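J.: One structure, pasted below without further comment.
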Amino acid sequence: MLVDINLLPKKEKKALSLFSLPALLTALTLLVLGTGGFIYWLQVQDVQALDSQIYEQRSINQNLQHELEGGEEVNQAKVIQTLSEQLYTDTAGIVSDIHQQIPNKGELIALKLNENQIDLTITTTTNEQAVQFYKKLEEMDFYEVVIHTINYDQSQNYFTTNYTIHLEASEEGGNGS
């Protein structure tokens, strides 16, 4: 039997000293705390930068909003737009009502809208139809209805009648009596 003999000196195991283990743990703890602190500092810087950007954007938004909302011209334009929409709605209804009253075989030739009056020109086949149309207009809720002329066109065989409808009392006319 062969015996294995090792003539080399035995390697001594290096033991960690009692001082090196706590130093290593302390260094590792400091490294982790330092990294965490640095990351926290970066986050605080990002939050502060975002806060300043938000503040600037809000300031810009408020200025733009004041420009859009404010201004006397914008308010006047809104009032004018509202009034014109009301006027359009009112006049569209009035013109529709007038158009429904035109006699059979009658035709609306001209319509002119002014601020407080409507000038109409219609054609009818008889003089009586023009007068009946006038009476229907008087029954509607207008301030005053006036027939200016009734003309007969022999070549076309129809009557042309001009009317003026006053929508409200004019200031020149007094109190409407």
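The values are calculated or read from the model by the stated rules, or taken from the named source; none is laboratory data. Computed from a predicted model, the values in this text were never measured in an experiment. Note that each Cβ is placed from the backbone with ideal geometry, even for glycine, and that neighbours are counted across all protein chains shown.
J.: Scan the stretch 98-117 and give yes if some residue there is modelled with pLDDT under 80, loosely packed, with under 10 Cβ neighbours inside 10 Å and not in a helix (DSSP H, G or I), otherwise no.
T.: Scanning the stretch 98-117, I find at least one residue that is modelled with pLDDT under 80, loosely packed, with under 10 Cβ neighbours inside 10 Å and not in a helix (DSSP H, G or I), so the answer is yes.
J.: Would it be correct to say that Tyr134 is aromatic (Phe, Trp, Tyr), within 30 Å of Asn157 (Cβ to Cβ) and assigned to a helix (DSSP H, G or I)?
T.: Against the criterion (aromatic (Phe, Trp, Tyr), within 30 Å of Asn157 (Cβ to Cβ) and assigned to a helix (DSSP H, G or I)), Tyr134 qualifies.
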